[in-house]
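The values are calculated or read from the model by the stated rules, or taken from the named source; none is laboratory data. All figures in this text were calculated on a predicted structure; none of them were measured in a lab. Note that we place each Cβ from the backbone using ideal geometry, even for glycine, and neighbour counts take in every protein chain shown. Quick note on the areas: whole protein, heavy atoms, side chains included, nothing else; ligands and nucleic acids left out. Shrake-Rupley method; radii C 1.70, N 1.55, O 1.52, S 1.80 Å.
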Amino acid sequence: MAINTDKNSYTIIFAIAMVIVVGTLLAGISSVLKPNITANKITEKQQNILFAMGISDSEDPNEFVPAEKAQELFDKYVGDDNQYIITGSTATQTTDAFAIEVKKENDKVKQDPNYQRKLPLFIGKKDGEEFYVVPMRGNGLWDAIWGYVSLDKEFKTVKGAFFDHKGETPGLGANIKEAYFRDDFIGESILDASGNYKGITVKKGNADPKNVDKTDNEVDAMAGATITGDGVTAMVKKGIKMYQPYFETLKK
């Protein structure tokens with residue numbers, strides 16, 4: 001008996017069958033690829049952390065270490081013993097700080113204001129110096145922005161920075177990835193003249209366009225990208241401030 005493919009019931013049954021088949025295939029593929037996806041995310045985070053520490057595998061400091069060397073160099077400069085999860089003023093040593101995602105922690109706080117946020121912290125050592133690397137996430141003009149900022153052991157000065165975005169405007173807000181912008185943060189103080197936390201402001205038309213003054217808590221803004229710059233300002237100020245209760249315990 002031939003199947004009447006013109007009937008509405010046939011179309012509905014066929015569509016349901018295709019959804020089930022395609023959904024099953026996608027779920028299977030996702031399951032198979034999940035370990036690789038997780039590994040790639042860890043590698044990318046390792047590259048970003050090393051970049052914020054000024055570690056490169058070439059003579060160009062603006063080059064990321066190759067993915068195939070990320071684990072080796074991360075073990076050399078950071079390692080398992082220097083990964084922590086910060087909750088308030090308490091640090092817990094862990095080998096799995098990468099499992100803490102800033103976005104998910106932000107979402108949990110939005111859902112429950114009483115939730116105790118978990119903050120990943122990475123402490124690296126290079127040429128006898130310590131680097132406290134802080135991951136952060138914020139909002140640009142069109143979508144999410146994120147970054148890694150490394151601080152000196154006095155928790156006063158930025159040693160390096162990396163910023164990225166999901167969908168900022170090319171040639172404008174997308175320039176937060178460019179060296180000329182992020183390098184302005186290097187050497188900038190996050191404390192005011194009295195030693196209190198102030199953060200860093202991306203300011204349009206500040207009096208220090210060449211960023212000579214490293215004590216004014218300001219870097220020059222990008223032309224035509226005010227909202228993205230404001231997003232970076234908010235992200236950096238809030239991102240580092242959340243670690244201040246713990247950093248204060250290390251100063252005592």
* **Compactness index (Cα Rg / 2.2 N^0.38 Å), the stretch 87-207** => 1.16
* Based on DSSP H runs of at least 4 residues, each adding -39500 (n - 2.57), what is the mean residue ellipticity at 222 nm of the chain after dividing by all its residues, to the nearest 500 deg cm²/dmol? -> -12500 deg cm²/dmol
* Accessible solvent surface per residue of the stretch 68-132, calculated while the other protein chains remain in place, 1.4 angstrom probe, Å² -> 59 Å²
* **Per residue, in Å², the accessible surface of the stretch 158-245 once ligands and nucleic acids are set aside, probe 1.4 Å** => 46 Å²
* To do: Counting residues in the stretch 189-252 as N, plug N into 2.2 N^0.38 Å and put the Cα Rg over that result.
  => 1.22
* Reported label for calculated mean projected area of the Cα convex hull in nm² given [x] 15.1; [y] 20.0; [z] 13.6 -> [y]
* **Estimated vicinal HN-Hα couplings, Hz - the stretch 116-125 in sequence order (Karplus 6.51, -1.76, 1.60; Gly, Pro = x)** => 7, 4, 9, 10, x, 9, 10, 10, x, 10
* Relative contact order of the chain: what whole-number percent is it, with Cα pairs under 8 angstrom and at least 6 residues apart? -> 14 percent
* Accessible surface of the stretch 138-184, 1.4 Å probe, proportion on carbon and sulfur as whole % -> 49 percent
* **Loop sites in the stretch 39-85: GluC sites (Glu not before Pro), DSSP, at most 16 other Cβ within 10 Å** => E59, E63
* Given K104/K241; K166/K241; K45/K126; K108/K203, which pairs have Cα atoms separated by over 20 Å? -> K166/K241; K108/K203
